[in-house]
Amino acid sequence: MNTLKKNIIVTMVTALLIVVAGSGLAIAEDSITGTITEKGEILVLDAADGSYVLEGSDMAADMVGKKVTVTGTVAEKEDVKVISVLSMKELKE
């Protein structure tokens, strides 16, 4: 193969890798408001549109019973909404 063809192939593969890697960064964050509750040992955000299991927040245990806005990425795992918490802010009523 000549040098030009190799450069084109390398450029195309690099562009493809950038697109694939960048798509993982494009996950949208959601902000959901509700009250933190405990269901057994699981912390849950009870919101107007349903309940979300909280993942990844050490401060959630201190917020049980309080109204908060949680920002994070939402996924559905085994028919359960799960929010990976990026931030949490207590709302003063």
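The values are calculated or read from the model by the stated rules, or taken from the named source; none is laboratory data. What you are looking at is a predicted structure, and each value in this text was computed from that prediction instead of being measured. Reconstructed Cβ throughout: ideal geometry from the backbone, glycine too, with neighbour counts over all protein chains shown. All accessible areas refer to the heavy atoms of the entire protein, side chains included, with ligands and DNA or RNA removed. Shrake-Rupley method; radii C 1.70, N 1.55, O 1.52, S 1.80 Å.
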Report task. Taking a cut-off of 21 Å between Cα atoms, list the lysines near K81, but don't count ones fewer than 8 places away on the same chain. Result -> K39, K66, K67, K89
Query raised in the report: Quick one: ranking L43, L4 by accessible area, 1.4 Å probe, largest first, what do you get?
Result: L4, L43
Query raised in the report: Is any residue of region 69-93 close enough, with backbone N under 16 Å, to a label point placed 7 angstrom from the Cα of T33 along the Cα-Cβ axis, and if so, which?
Result: 69-72, 88-93
Report summary line: Whole-Hz Karplus couplings 3J(HN,Hα) for region 37-44, θ = phi - 60° and coefficients 6.51, -1.76, 1.60, Gly and Pro as x, run 10, 10, 10, x, 9, 9, 8, 10
Query - Stretchable slack from T14 to K66, in nm (0.36 nm times residue separation minus alpha-carbon distance) - result: 13.9 nm
Report task. Kindly give Rg over Rh for region 44-93, based on alpha-carbon atoms, with the Kirkwood expression for the hydrodynamic radius. Result -> 0.94
Report summary line: Partner aspartates and glutamates whose C-alpha sits under 18 Å from that of K6, ignoring same-chain residues fewer than 8 away, are none
Query raised in the report: Points 7 angstrom from Cα along the Cβ direction at D46 and K92: gap in nanometres?
Result: 2.5 nm
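Below 8 Å between Cα atoms, with a sequence gap of 6+, how large is the relative contact order for region 51-93 in percent?
Values: 65 pairs, mean separation 20.6, N = 43.
That works out to 48 percent.
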